[in-house]
Amino acid sequence: MDTHARSIAKAVSYRLLGSAVTSLIFYALTGKGSLSLGAGALDMVLKIGAYFLHERIWAHINFGRSKPPEYEI
């Protein structure tokens, strides 16, 4: 299972990329730099929290995980 710190690091790195894309799209649509930076920042903050919660919920779901080998003594 991933640690909380790893989940946070993954969330931040993913959101930096995603928020940069959001900012570029916003800029392409509006031509306003300050508006696009604000949208990107808000996008990053809200979605980091959502991603962290998503990761922690999935940490408790066994779907798709292989079972650990059983050892006989």
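The values are calculated or read from the model by the stated rules, or taken from the named source; none is laboratory data. For clarity, every value in this text was computed on a predicted model and none was experimentally measured. Neighbour counts are summed over all protein chains in view; Cβ atoms, including those assigned to glycine, are modelled from backbone coordinates with ideal geometry. All accessible areas refer to the heavy atoms of the entire protein, side chains included, with ligands and DNA or RNA removed. Shrake-Rupley method; radii C 1.70, N 1.55, O 1.52, S 1.80 Å.
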**Asked** Once label points are set 7 Å from the Cα along Cα→Cβ at both Ser34 and Met1, what is their separation, rounded to one decimal in nm?
**Response** 4.7
**Message:** Counting each pair of different Cα atoms once, what's the Kirkwood radius of the chain in Å, rounded to one decimal?
**Reply:** 14.4
**Item:** Computed E for Val45/Arg65 - FRET, C-beta separation, R0 25 angstrom, nearest 0.05
**Value:** 0.20
**Asked** How much area per residue is accessible in the chain when the probe is 1.4 Å and only protein heavy atoms are counted (Å²)?
**Response** 82
**Prompt:** Please identify the trypsin sites (Lys or Arg not before Pro) of the chain that satisfy two criteria: DSSP loop assignment and at most 13 other Cβ atoms within 10 Å. Which are they?
**Reply:** Lys32, Arg65
**Asked** So which GluC sites (Glu not before Pro) in the chain end up in coil per DSSP with only 15 or fewer other C-beta atoms within 10 Å?
**Response** Glu70, Glu72
**Asked** At a 1.4 Å probe radius, carbon and sulfur cover how many percent of the accessible area of the chain?
**Response** 69
